[in-house]
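This report concerns only the one structure given below.
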Amino acid sequence: MVGGGPGAFIGAIHRFAARLDGEIELVCGAFSSSAEKSKSMAEELSLDPARCYASYSDMMAGEAALPQSQRMEFVSIVTPNHMHFPVAKAALQAGFAVLSDKPATLDVKEARALRKIVEKSGKAYGLTHTYLGYPLVGEARGIIEAGGIGEVRKVYVEYIQGWLATPIETKQADWRTDPKRSGGSGCMGDIGTHAHNLAEFMTGKRMTHVAADLTTFVEGRRLDDDGSCLFRMEDGVKGTLSASQICVGKENSLSIRIYGEIGGLEWRQEEPNTLIRTYADRPTEILRAAQGYLSEGAQDGFRTPPGHPEGYLEAFANVYLDFARALRSGGGVVTGIEGGVRGMAFVEALLKSSAKHSKWVEIK
């Protein structure tokens, strides 16, 4: 693991998720830019002191020097955005697979450069878009693929939070509102990319154009904390996407509604064990987690019987489990480098559109 040292929220989440199914072991790390903090984290995790490294470059060199049977098999990147590219590049070029926190890079230029590095390395690359790990998200995708709602026409997706409604000084807020560490967008880069990714994954269609309006409400903040856009997708699908971190009282309200010719689907991240399916000529159905009527793929994502709620950690664990299986089989991953490039191209298009007073911009 690179990053995830003392006080880092997402590092602990990654570690919980990785070990939930007993198939992944944390064996080494460079947990902080501070060697002392990294050492204290390794002690807390009871890691071999010899495999606690002062820097990620030291880790790549040290692990590569070990016998094949003893070295790490992949690197988990849990740093702020600006470090995703250099760490991934170093790991891939040293011969290690990579599972990175999103977004893939700081900007689309880096993302395209990383794609070339991934292709040249031949190593697996995964991106932790956590919400794709919810089994009912996969169930919805399967229903759409099978024509269960007819041709998709309309998509409404939003991710609404309130934690940045006022100026706050925390480790998490500090780097997310810093252009040098977060990138060109704040709110849209942080959570709008999740909404974009979810819409593309569920529908199986690419977003092609956006007309966006990004706003910074909190005085003195350097990046957007709110935004929305109209979007167009392949095959004539239209939609709206909203993301905000200044909606007071909201927690992690990610939701999506998809409508086709003969039906619709609705899913909310804060109620992840329910998928609502609507019809033109039948009563609405409420599909519930782990039930026998769900597809085999969805069933595989649950660990407990119906009525025992599973949530964020289990979804995150499904992403890690999928990656572990991919490494063993040599197959693909939930969201690879193409998803990473798509996410950064989406952010770039939003920024261009908003700067042009919401004119339509193609996602390239």
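The values are calculated or read from the model by the stated rules, or taken from the named source; none is laboratory data. Worth saying up front: this structure is predicted, and the values here are computed from it rather than measured. Neighbour counts are summed over all protein chains in view; Cβ atoms, including those assigned to glycine, are modelled from backbone coordinates with ideal geometry. We work out accessible area using only protein heavy atoms, side chains counted, and drop any ligands, DNA or RNA first. Shrake-Rupley method; radii C 1.70, N 1.55, O 1.52, S 1.80 Å.
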Just to be sure before I move on: is T166 surrounded by fewer than 21 Cβ atoms within 10 Å (Cβ to Cβ) and without any contact (Cβ under 8 Å) to a residue 12 or more places away in the chain in the structure I sent? no
I'd like the full set of residues that are under 20 Å from L254 (Cα atoms) and among the β-branched types (V, I, T), limited to segment 186-235. I191, T193, T203, V210, T215
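Yes/no per residue for (1) within 27 Å of D178 (Cα to Cα); (2) of a type in the set (A, V, I, L, M, F, W, C); (3) in contact (Cβ under 8 Å) with a residue 60 or more places away in the chain; (4) open to solvent by 50 Å² or more (accessible area, probe 1.4 Å):
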position	(1), (2), (3), (4)
L20	no, yes, yes, yes
E73	no, no, yes, yes
T79	yes, no, yes, no
A94	no, yes, no, no
D101	yes, no, yes, no
Can we say G204 is within 20 Å of A243 (Cβ to Cβ) and not polar (S, T, N, Q)? no
Could you list, in sequence order, all residues of segment 209-239 that are open to solvent by 40 Å² or more (accessible area, probe 1.4 Å) and under 21 Å from V152 (Cβ atoms)? H209, S228, L230, R232, E234, D235, G236, K238
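Identify the residue in segment 1-33 that is in contact with a Pro (Cβ under 9 Å, 6 or more places away or on another chain) and assigned to a loop (DSSP other than H, G, I, E, B) and, among all such residues, is nearest to G133 (Cα to Cα). Lay out the reasoning, then the answer.
Let us first name the residues in segment 1-33 that are in contact with a Pro (Cβ under 9 Å, 6 or more places away or on another chain), namely 3, 31-32.
Applying the additional criterion that residues be assigned to a loop (DSSP other than H, G, I, E, B) yields 31-32.
Working: F31: 25, S32: 27 Å.
Top of the filtered list is F31.
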Tell me, which residue of segment 44-93 that is under 22 Å from R15 (Cβ atoms), in a loop (DSSP other than H, G, I, E, B) and among the hydrophobic types (A, V, I, L, M, F, W, C) is nearest to the chain's Cα centre (by Cα)? M72
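Would you be able to say whether some residue in segment 342-349 is at pLDDT 95 or above and open to solvent by 20 Å² or more (accessible area, probe 1.4 Å)? Outline the logic, then answer.
Our first condition is that a residue be at pLDDT 95 or above; within segment 342-349, this holds for 342-349.
From the residues that got through so far, the ones that are open to solvent by 20 Å² or more (accessible area, probe 1.4 Å) too are 342, 348.
For segment 342-349, residues at pLDDT 95 or above and open to solvent by 20 Å² or more (accessible area, probe 1.4 Å): present.
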